[in-house]
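J.: Please see the structure below; I have some questions.
The values are calculated or read from the model by the stated rules, or taken from the named source; none is laboratory data. Not measured: the values here are computed from a predicted model. Counting neighbours? That spans all protein chains shown, and the Cβs are built from the backbone with ideal geometry, glycine included. Note: areas computed on protein heavy atoms with side chains; ligands, DNA, RNA excluded. Shrake-Rupley method; radii C 1.70, N 1.55, O 1.52, S 1.80 Å.
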Amino acid sequence: MPKLVIGQHALLKRLPVNHEKYEKIRTDFYNGRAGFGGEKEFDYQMREFAPQYPHAILHDLFLKQGAVYFQIDSMLITPSIIILFEIKNIAGKLLVKQNPTQFIRQVPGGERTVLRSPIEELERKKYFFDQWLQERKITIPLMDYVVFAYQNELTIENMASSRIAFSYEIPNKLRSMEMNSDILSQPQIHRLANELKQAHRMYESSPLTQKYDINSQELTSGVTCHTCNRLTMQWQAKRWRCQACGYLDPAAHYTTLQEWYWIKGDLLTNQQFRQFSNIRSRHVAKRLLANPYTELHGKKRYSVYQLSSELLSIPTNLTF
């Protein structure tokens, strides 16, 4: 699951529904969730693509070239070409125009919205990825597809549609491609795929209170119950008990620290943790903060806890 989407979900849970930023965050959350669903559909369709030639498929790469970060939804490495895929999951009718390139969405009510062109997004990503390859002395043609996860009513005006496809079409399009002279051998493809995996960076967003300009005092405190998803857990007899459904959990504070990481950042004090999780005792808070995901710096009133990014790998009950 996209870590940013998990963070937005955590923020929405703590933000009053009448807050002025609530609808904006909810829209971003639903768009991110839809995008993830589209990528899963593409991955499902690609399962039937099994060519005889050596190849590698990588998903959701986040790379850095110079001072620029860029993300690639999916990539296919073959002996003679590398193909980049930009996956879109957009509801409604779509009209694609040229000069300038525009993607226009029309919802059932008739409202039209001009979307950022995924073709232009791909051109940018191809440019920086080509630079990334050149630094490693790799010269190979790059190709791209804008892929719509599900079948929309699609109208394309005055431009070639060869770069646009639905996800179910991609395996046939790839099977029909002619592979020209081999540029990369099987060991080279393997090395390149592993180097890309090593170069992949976890997306580090700025704290969401900063991203959305939200005052922390406006957020609801508490610890999330993994069963009913309410902020109703209380620390009792060395474990958390949900006051709403009775669920017991000795480690619910890990998810709370994860939520703090996304909402406020990777530093917190004992007092901030108590306020965020509704813990009264600073001694209980100290014991709970002594865990593999935190590192204490400083002493007494100057002490602060550094949270590990490994917190972001903790399983969540958010499903799609």
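J.: Taking the dipole about the Cα centre of the chain, with the C-beta of Lys and Arg at +1 and of Asp and Glu at -1, give me whichever of P51, V107, L15 is farthest to the positive side.
T.: L15
J.: Convex hull volume of the Cα atoms in the stretch 198-256, per residue, in Å³?
T.: Output value, Cα hull per residue: 127 Å³.
J.: Principal axis extents for the stretch 99-141, Cα atoms only, whole Å, descending order, please.
T.: If we take the Cα atoms of the stretch 99-141, the spans are 52, 19, 13 Å.
J.: Which ³J(HN,Hα) values in Hz, rounded to whole numbers, follow from the phi angles of the stretch 168-173 under the Karplus curve 6.51 cos²θ - 1.76 cosθ + 1.60, where θ = phi - 60° and Gly and Pro get x?
T.: 5, 7, 4, x, 5, 5
J.: Which part of the stretch 278-320 falls in the paramagnetic zone of L267, meaning amide N under 17 Å from the point 7 Å along Cα-to-beta-carbon?
T.: 294-309
J.: Along the charge dipole of the chain, which of I183, Q243, S281 sits closest to the positive end, that is, farthest toward it, with unit charges on the beta carbon of Lys, Arg, Asp and Glu (+1, +1, -1, -1)?
T.: Of the options given, the answer is S281.
J.: If you don't mind, another one. Which value, in Å² rounded to 10, gives the accessible area of M143 with a 1.4 Å probe and all protein chains present?
T.: For M143, the solvent-accessible surface is approximately 50 Å².
J.: If the cut-off is a Cα-Cα distance under 17 Å, which lysines reach K300, setting aside same-chain residues fewer than 8 apart in sequence?
T.: K286
J.: Beyond a 32 Å Cα-Cα separation, which of these cross-linked pairs lie in this structure: K24/K299; K13/K126; K97/K197; K197/K264; K64/K264; K21/K173?
T.: K24/K299; K13/K126; K97/K197; K21/K173
J.: Now for a different question. So if R0 is 45 Å, what FRET efficiency would H283 and K137 give, r being the distance between their Cβ atoms, rounded to the nearest 0.05? Display every interim value, and only then the final one.
T.: On the way: r = 58 Å, r/R0 = 1.29.
With a Förster radius of 45 Å, E is 0.20.
J.: Which order do the peptides 129-138, 177-186 come out in when sorted by mean C-beta neighbours inside 10 angstrom, highest first?
T.: 129-138, 177-186
J.: Under the definition of Cα pairs under 8 Å and six or more residues apart, what whole-number percent is the relative contact order of the chain? Let's see the in-between values first.
T.: Values: 482 pairs, mean separation 53.2, N = 320.
RCO, the chain: 17 percent.
J.: A follow-up question, please. Per 20 Å bin, what is the whole-percent P(r) computed from every C-alpha pair distance within the chain?
T.: For the chain, the pair-distance distribution reads 26, 48, 24, 1.
J.: Work out the length of the dipole vector of the stretch 187-320 about its Cα centre, built from +1 on the beta-carbon of each Lys and Arg and -1 on the beta-carbon of each Asp and Glu, and round it to the nearest 20 debye.
T.: Computed charge dipole of the stretch 187-320: roughly 660 debye.
J.: Another question about this same structure. Using DSSP to call loops (not H, G, I, E or B), can you name the trypsin sites (Lys or Arg not before Pro) in the stretch 33-62 whose Cβ has at most 15 other Cβ atoms within 10 angstrom?
T.: R47
J.: Let me ask something additional. Would you calculate, for the chain, the mean residue ellipticity at 222 nm contributed by helices, counting each DSSP H stretch of 4 or more residues as -39,500 (n - 2.57) and dividing by all residues, to the nearest 500?
T.: -10500 deg cm²/dmol
J.: Can you tell me the dipole magnitude for the chain around its Cα centre, using point charges on the Cβ only (Lys, Arg +1; Asp, Glu -1), in Debye to the nearest 20?
T.: 1720 debye
J.: In whole Å, what three semi-axes, largest first, describe the equivalent ellipsoid of the stretch 50-153 built from its Cα gyration tensor (square root of 5 times each eigenvalue)?
T.: Equivalent ellipsoid of the stretch 50-153: 29, 17, 11 Å, largest first.
J.: For the stretch 134-148, just list the computed ³J(HN,Hα) in residue order, Karplus coefficients 6.51, -1.76 and 1.60, θ = phi - 60°, integers in Hz, with x standing in for Gly and Pro.
T.: 4, 5, 9, 6, 10, 10, 8, x, 10, 10, 8, 9, 8, 10, 8
J.: Now for a separate question. Relative contact order of the stretch 174-320: what whole-number percent is it, with Cα pairs under 8 angstrom and at least 6 residues apart?
T.: 18 percent
J.: Here's a follow-up. Compute the relative contact order of the stretch 98-241 as a whole-number percentage, counting only Cα pairs closer than 8 Å that sit 6 or more residues apart in sequence.
T.: This gives 10 percent for the stretch 98-241.
J.: Next question. Among P108, P207, P16, which one shows the biggest mean-square fluctuation in a GNM of the chain, springs joining Cα atoms closer than 10 Å?
T.: Looking only at P108, P207, P16, the largest GNM fluctuation is found for P108.
J.: A further question follows. What is the set of long-range amide H partners of I156 at a cut-off below 5 Å, with H atoms built 1.01 Å from backbone N?
T.: Those qualifying (amide H under 5 Å, at least 5 residues apart or on another chain) are V96.
J.: Okay, next question. For the stretch 232-320, compute the orientation-averaged projected area of the C-alpha convex hull (one quarter of its surface), in nm².
T.: Averaged projected hull area, Cα only: 6.3 nm².
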